[in-house]
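Beneath this line is the structure, given in structure tokens, with notes to follow.
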Amino acid sequence: MTRFPGFSPAALRFLRQLKRHNRRDWFEANRPVFDDDVKPTLAALVEAIDDRLAVVAPEIVGDTRRSVFRIHRDVRFSKDKSPYKTHVAAWFFHRRAGKGVGSSSPDGGAAGFYLHIEPGAGMVGGGLWMPMRPQLAKVRDAIAAKPDLFEATLRGAFRRRFGELDPEAMLVRAPKGFAPDHPAIRWLKYQSFTAGRVVTDAELASPKLPERAVKEFAVMLPFVRFLNAALGYAPDERRVY
């Protein structure tokens, strides 16, 4: 298993200060902390989680190059011109679907797991974020066909750990093609299927973060696999390299 040391006080302090000093001159002056501490620690975390996912969810993978989100913000269409994100994050994706998320993927991507590293706002979660229309239609059809099976993935340990699905972009009315009194109408109004829970700063600093994150992912796995099955991505019994 890859050794993960936990995010150091210096790494977490860097992210806190970046929130207050989100400028290129400050970032460049403090780049050694990012390059020599934050980035390698995040890479170790991705590797450590991938090692464990090989057993728990073999079809979901983490890659130190493809899983990690860029810290630079895309400011082309934003009024906020701050050049950097104030967090680092990683996405663990179905190996046959690729790393894309939502509209960033040519095929809409697939469901997976997410880890967000930010002092005071850490988060572990997963699901399918804002899929493109063809993928959303497939998920809705799967939910409409087997609403009891879908609801079962959201009960028990899932609900205790994550509560309800995030209502981001949820429709007010029934989507086109479905009756307002459809038995699964509550779920058919969703356009994004994600959930998560808070990760404390103490957990971010702990060498046990990979084990804790994968335990959360395991609780979410039936939900993620339902979504991926709807998209045509089957689970694996063992890791294929």
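The values are calculated or read from the model by the stated rules, or taken from the named source; none is laboratory data. Model, not experiment: these values are computed from the prediction. Cβ: placed from backbone, ideal geometry, glycine included. Neighbour counts: every protein chain shown. The protein model used for the area step is the full one, side chains on, heavy atoms only, and it has no ligands, DNA or RNA in it. Shrake-Rupley method; radii C 1.70, N 1.55, O 1.52, S 1.80 Å.
Listed values, structure above:
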item	result
Residue of 133, 66, 95 that the Gaussian network model of the chain assigns the largest fluctuation, springs spanning Cα pairs under 10 Å	133
The chain: equivalent-ellipsoid semi-axes (sqrt of 5 x gyration tensor eigenvalues, Cα, Å)	32, 21, 16
Segment 200-241, accessible area per residue, ligands and nucleic acids excluded (1.4 Å, Å²)	50 Å²
Residue-span extension gain [residue 65 to residue 39] - 0.36 nm each, minus C-alpha spacing	8.3 nm
Segment 89-241 - percent relative contact order, Cα under 8 Å, separation 6 or more	29 percent
Proximal lysines to residue 176, defined as alpha-carbon separation beneath 21 angstrom and excluding residues fewer than eight positions away on the same chain	138, 146, 189
Net dipole in debye of the chain [+1 Lys, Arg Cβ; -1 Asp, Glu Cβ; about Cα centre; nearest 20]	480 debye
Gaussian network model of the chain, springs between alpha carbon atoms under 10 Å - residue of 156, 126, 177 with greatest fluctuation	177
Carbon + sulfur, % of accessible area of the chain - ligands and nucleic acids excluded, 1.4 Å	54 percent
Test item: Cα-centred dipole of segment 1-77, Lys/Arg +1 and Asp/Glu -1 on Cβ, debye	520 debye
Spin-label pair residue 21/residue 201, simplified geometry with 7 Å Cα→Cβ offset, distance in nm	1.8 nm
Placed amide H near residue 7: partners under 5 Å, 5+ positions off or other chain	205, 206
For segment 108-217, the spread of Cα positions along each principal axis, largest first, Å	49, 27, 22
Probe 1.4 Å, protein heavy atoms only - accessible area per residue of segment 71-158 in square angstrom	45 Å²
Taking the convex hull of Cα positions in segment 28-119, its mean projected area over all directions (nm²)	7.0 nm²
